[in-house]
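J.: So that we are looking at the same thing, I have put the structure below in structure tokens.
The values are calculated or read from the model by the stated rules, or taken from the named source; none is laboratory data. Nothing here was measured: the structure is a model prediction, and the numbers come from that model. Cβ placement follows ideal geometry from the backbone for every residue including glycine, while neighbour counts extend to all protein chains displayed.
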Amino acid sequence: MTQGFSIPRFTLPRMLSTIGAHLPQWPHSLALASALNAAARLGVLPADSLALLAGRSFVVEVLDAGGQACFTYRGGLFRPLLTAPAAPDLCFRANLSAFLQLLVRQEDPDTLFFNRELTIVGDTELGLLVKNMLDAIEWPPLPRLPIFRH
């Protein structure tokens with residue numbers, strides 16, 4: 001649980017998902033793959049687990065924003081996919097607020113999954129591997145910002 005602020009549960013207006021779905025999706029894929037590569041270089045993601053992701057395809061869908069990021073792990077790097085695979089090995093679907101809550105460790109994937117706020121579709125073993133990788137990450141504490149006071 002984060003200290004100092006919390007991200008409320010929210011849903012973006014439906015109009016945003018309609019617009020977002022018609023925009024190019026490759027920038028999201030490029031941004032997420034770049035962020036994951038940076039995390040891997042910093043040692044945040046365990047190298048032994050990364051090897052198990054080789055050749056697998058992933059999709060992250062932000063439902064209420066109408067966006068998705070598609071990527072694969074190949075040759076020791078996360079690589080963006082310019083088009084969504086017809087049947088990705090693993091797909092995560094949630095609203096933006098759920099992904100933000102995961103990012104700052106306000107909620108864990110199990111809680112969001114059992115509350116039906118996060119959908120995980122695909123290879124069950126791969127899903128558990130990714131979940132355990134996320135759970136093992138030791139994020140540095142976020143600075144307390146005056147705008148987020150209770």
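J.: So, in region 27-55, how many residues would count as being of a type in the set (Asp, Glu) and in a loop (DSSP other than H, G, I, E, B)?
T.: Going residue by residue through region 27-55, those that are of a type in the set (Asp, Glu) are 48.
With in a loop (DSSP other than H, G, I, E, B) added as a condition, the list becomes none.
The total comes to 0.
J.: Please state which of the following conditions residue 23 fails to meet, knowing it meets all the rest: (1) surrounded by fewer than 18 Cβ atoms within 10 Å (Cβ to Cβ); (2) within 15 Å of the chain's Cα centre (by Cα).
T.: Just one mismatch for residue 23, condition (2).
J.: Next question. As an exercise: evaluate residue 88 against (1) at pLDDT below 95; (2) assigned to a loop (DSSP other than H, G, I, E, B) and give the number of the one condition it does not meet.
T.: Unmet condition: (1).
J.: Further question on the same structure: Looking at residue 7, is it in a loop (DSSP other than H, G, I, E, B) and either farther than 21 Å from residue 112 by Cα or not polar (S, T, N, Q) (or both)?
T.: Numbers: in a loop (DSSP other than H, G, I, E, B): yes; either farther than 21 Å from residue 112 by Cα or not polar (S, T, N, Q) (or both): yes.
Answer is yes for this residue.
J.: Look at residue 98 and say whether it is out of contact with any Gly (no Cβ under 6 Å at 6 or more places or on another chain), crowded, with 16+ Cβ neighbours inside 10 Å and under 21 Å from residue 128 (Cα atoms).
T.: Answer is yes for this residue.
J.: Kindly indicate which of 67, 55, 4 is farther than 22 Å from residue 129 by Cβ, of a type outside the set (Ser, Thr, Tyr) and either in contact with a Cys (Cβ under 8 Å, 6 or more places away or on another chain) or at pLDDT 95 or above (or both).
T.: 67
J.: Just a yes or no: is a residue in region 118-135 under 18 Å from residue 64 (Cβ atoms), at pLDDT 95 or above, in a loop (DSSP other than H, G, I, E, B) and in contact with a strand residue (DSSP E or B) (Cβ under 9 Å, 6 or more places away or on another chain)?
T.: Looking for residues that are under 18 Å from residue 64 (Cβ atoms), at pLDDT 95 or above, in a loop (DSSP other than H, G, I, E, B) and in contact with a strand residue (DSSP E or B) (Cβ under 9 Å, 6 or more places away or on another chain), one finds none in region 118-135, hence no.
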